[in-house]
Structures are given as structure tokens and as C-alpha cells.
1. Using modelled amide H (1.01 Å from N, peptide plane; none on Pro or chain starts), what sits under 5 Å from the amide H of PHE335, excluding residues fewer than 5 places away?
2. Taking segment 422-522, which trypsin sites (Lys or Arg not before Pro) meet the DSSP loop condition and have no more than 11 other C-beta atoms within 10 Å?
3. Give a residue-ordered list of calculated ³J(HN,Hα) values for segment 457-466 (Karplus: 6.51 cos²θ - 1.76 cosθ + 1.60, θ = phi - 60°; whole Hz; x for Gly, Pro).
4. Can you give the extra length, in nm with one decimal, that the chain gains between LYS394 and TRP183 once fully stretched, where that is 0.36 nm per residue apart less the Cα-Cα distance?
5. For LYS558, list the aspartates and glutamates whose Cα falls under 15 Å from its own Cα; do not include residues on the same chain fewer than 8 positions away.
6. Over 25 Å between C-alpha atoms is what I'm after, so list which of LYS99/LYS125; LYS333/LYS500; LYS47/LYS125; LYS390/LYS556 land there.
7. Can you give me the long-range amide H partners of ARG506? Hydrogens built in the peptide plane at 1.01 Å from N, cutoff under 5 Å, separation of 5 or more residues or another chain.
8. If you take every residue apart from ILE129 with its C-beta less than 10 Å away from the C-beta of ILE129, what net charge results, scoring Lys and Arg +1 and Asp and Glu -1?
Amino acid sequence: MAKVRRRRFSFGTKMYLFVLLIVLVVGLGAMFTSYFINVDQIDAYFKGLTSESARNVASFVDGDYLEQLRTVIESDEYQALRDKAEEDEDEAPVEAFLKEKGLWDKYTEQRNYLIQYLDNVTDIKYLYIVVWGDANADKDMYLVDADPEVGIYETGYYEDREDSFLGMDGLTEIEPTISVGDWGWLCSGFAPVKNSAGKVVCQVGCDVGMDDVMAQRRQFFIYAIVGVVAIIAIVIIGAVVFAKRVVVKPLNKITQEMEGFKPAPNSSPEEAGVIDLDIRGRDEIYDLYQGVQAMQTDILFQLNDITAMRSDKERRDAELAIASQMQADMLPKEFSMWDEFSLYATVTPAKEMGGDFYDFFAIDDDHVGLVMADVSGKGVPAAMFMIVAKTLLKVRTASPGTPAEVLHDVNNILCADNPAGLFVTAWFGILTLSTGEVISASAGHEHPAIMRKGDEYTINKKDNMPPLASMEDLEYEDETMTLRPGDRIFLYTDGVPEAKRDTGERFGVDRMLESLNCNKAASPKNLLYYIADEIKNFAGNTDPFDDITMMSIVWKGKQED
């Protein structure tokens, strides 16, 4: 499925949209705020007028009379007469009935008062007296209506209660409510009418017409929207012109100049195309320009530095490669010089140059020198110290002396001139070809693993002496063993048991002995390759922590001619 590319908007477009959004939010916010403030003020005025009018009328009407009138018109006799009069549209029966009950004069007096009040207060649309049912009622009964067009047979008429007044009992003043219905927009309020005993007998209802107000309100809303749109248009035009001149145009210049920046090694700022524009002012655009200019200059300088460093590194790498090869060439590679034993050795440095070394050499026709050593530290200093130590051991062995005496003399020479404070752990042995006797001494080095024919590799751990170059006049001790045909010696540096995996776990001496004993019959070469593979599999992707050097010797004995 092809990936849909998102549309890319320029900075100028985003800025224009942002300005539009801000102006739109502010404009609409101001419009709605002013609109609702106006609505609240006008609604408060009409609700106050409604309540005040209802209370005024309620204070002047005769509550005792209205209670008497209510009792009469709630009767079944009157309701039947009223229904017939309404059907015939004849007011005479109702008038005659009220006269008969002595209620007509007072009725006309109360109604005329309502009509007069309605005429005097022009904002009032309807004024009436109504009997309010209880809170559960859904109908209310009209007693007196000030509308001249309403016949007197409407007295006693039951009308459905507006939804906004459902649930009210009519015993207290009812808060005015604004609603719309068949009679248009009205603000309706009610005030209770009490008799002389203080009992609420009915309610004065007052409806103030708000059709004109609502029409003006709609007109105001339309004008406000038009005004906001006009303001938005003016602001956007001004913002676009300002942004294009002050922001977008300088940014486009900076972008175009940045595309021309092509640094090359050892090039000048002019040749590399470092940005150089006539941008004035002390605003963020100027800061951006200054930052881009400084960044490009730094990139150019860093590129020149990196080029010089790369040249130096390539030169040093070449020198290290030569030195590493020279160091490797110093180690003996001819492993089949003697018939009495088989030998093989390997060294794997942790860096380009290591501090581990092995050596074997003929002392005379019947004696062979064997060396396994590890210089502290890594890299070039350790490699140089290794060369010195290897040379001193071989030179000193040319003179008479046991391995312990050789190590003693070499130690004193190394201590005399060792400003770097390096030291060397070493195992040095002299093998007599005619007898298989091995005399050895150790200067803080790993104990060799010995395997007698038919047995397993073991390590005879003894107290060890300090390394070479650690302190002067150390007296090392000789140790003697005699090899029989089939016996084996495994020499190694601490890089073998101390090899680590990413969890921090070490290869260890026990795992090393287990690997040796799994290949007791292997040739020296195959054995060392096997141990190297075991270490590599154990460590995984973890980089080598230390040099790994190993030597394997299998004693055959004196060969008969």
C-alpha cells in the first residue's frame, strides 16, 4: 500500500492560520460576551417589570371578593352554564348569573382596574387573575381577564399550564420566566392574591411581550457577526502584510542562503557559502540569522578539525598497524623445532597492541626456555614494556642460572628504570630435553594446568610471588617436575579465566579446566583453537577485556634413532 504523503504547509501559511485563529477566537469571544451581557440586562429588566406589575395589581384587587367569585364559578352549575354560553358565544347568561349572585358589579370593577392598568403600562401584553392549582395540577382556571376581546364567559375557563410552570403550587410569588408559544415571546410572572385572613386565593398573572426585543436581539447578533467578520478581515490583511514583510520574507532569505551552504575541507567561509545577509533589528529573526551564521561557521571549523584529526588518525592507525605487526613478528612462529615435544601458542590482543607475550627458545643443545608473561596495562606502553621484558629474559638466560635467579635479575633491571610504574607477571621454565625435567619459577603469574598421561588437567595452586618490576631484590622460588611421555602443560594469561560476558559473569578457571578435559587428546594447535572458540561463544558480542595468550605443550620424550 502506497504511503500517503501529508501536505506540507509553509511557515507563512501556518502563521496566517495562527493569526486567523487568534483573531477569530478573540472576535467571537468579544461578540458572545457582549451579546450575553446585553441579553442578561434586557431579560433582567423585563423580569423586574413583570414581577413589579404582578405585585402592584395583586395589592389592589379584592382578595375576599375573588375568593367568593372563585367559590361560585368552581360550582358545577356555573361550569355547565359557562360551557353553554361559550358554545353559543353569548355573554348574557354569565352576566345574569353573576348579577343573580350579587357578584357582577364587583367583577366589572376588578376587570376595569386590570384593563386600566394594562392601558397605562404599554409593555404589558396580557394581564389576568388565575386560580392556580396544586403542584401536581396541569390546568389552571381564569377568574378575570383584562383583554377586552375576551368574552366574560372565559371566566372559569380551564387552560393547560405552561411546561415552565409545572410542579409549582402557586402559594408564593413565582419567578418570571421567558418562553415562546402560540402568543409569541412572553416574559410571564405571577404574584399571589390573599384574602383578609392572609390566605392565598389566586394569582395575578402578567405577560410582557418580547417579540420586538427578540427581533432586535437577532438583528444585533447578525450585526455582531458581520462586525466580527469585518474586523477579522481587516486584522488578517494587516497581519499578512506585516508578517510577510517582517517575518516571512527574512525567513525565506535565510532558507535560500542555507541551501547554498556547502562546506568543504579547508575552505574559507566565503567559499563554503556561510550565510551573509543584510538583516537588521534586534528581534527573534535577527537572533535566528545570527545563530545560523554561527552554526555554519562552527560546522566549517569542525569539518576542518575533523579532516585534520582523520588524517592524524589514519597516520596513527598505519603506524599502529606496523608496530602491531612488528610486535607479532617478534613472537616465535616455528613450533616444530624439537622432536621431544609438540608445542603451539597463540596471542589475541584486546587492542591493536597488547602486553601479553609468549616465548620459547633454545638455551643450549639440551635445554629449552619457555616463557608466558602478561604486562599490566594495554596499548603502546604495555607493548613497549613487553619488548623490554622479553629481551631481558632471553638475554639473561644466556648466562648460567635457574629460573628463579633469572627472574630475580630481570626484576632488578626493570625496577631500576620504570617511570610508568608498569609490572609484568611471568612464568619462566627451563625444559631439559634429555630427561623431561622442568624447572620453573613464577612472578605473580597464573599457575599452569598440568595433565599427567591418562589423568585430567589440574592446577596445583601455591603461594605466588609479586610480579616483575613491582619491587627490587625479590627472591623467587624454583619448582621442579619431571614429564613422562603423554604429559601435557597448558600455559595461559589471566585473559582466559577473566573473559566476561555482558552480564559480568567470568569464564573462570573451572570452565577452563572443563574445556581442557573435554579435549585431552587434541593436538596443541587444535586444543588452543577449541579453547578460543569456547571463550568467544561464552563472551558473545562483548568486546575482549584483556589480551588472551595460551601455550600448549605435549611431552613425547627422547626419540630413539
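Read the figures in this text as sums done on the coordinates, not as results from a lab. Quantities reported herein were computed from a predicted structural model and do not represent experimental measurements. When we count neighbours, we look across all protein chains shown, and the Cβ atoms used for this are built from the backbone with ideal geometry, even at glycine.
1. none
2. Of the trypsin sites (Lys or Arg not before Pro), the ones in loops of segment 422-522 whose Cβ has at most 11 other Cβ atoms within 10 Å are LYS461, LYS462.
3. With the stated coefficients, segment 457-466 comes to 5, 9, 10, 8, 7, 10, 4, 10, 8, x Hz.
4. Working: separation 211, 0.36 × 211 = 75.96 nm, distance 12.47 nm.
Using 0.36 nm per residue and subtracting the Cα-Cα distance, I get 63.5 nm.
5. Excluding near neighbours in sequence, the set is ASP339, GLU340, ASP365, ASP366, GLU437, ASP487.
6. Values: LYS99/LYS125 29 Å; LYS333/LYS500 29 Å; LYS47/LYS125 14 Å; LYS390/LYS556 27 Å.
Going by Cα-Cα distance, LYS99/LYS125; LYS333/LYS500; LYS390/LYS556 fall outside the 25 Å limit.
7. Result for ARG506 returns nothing.
8. It works out to a net charge of +1.
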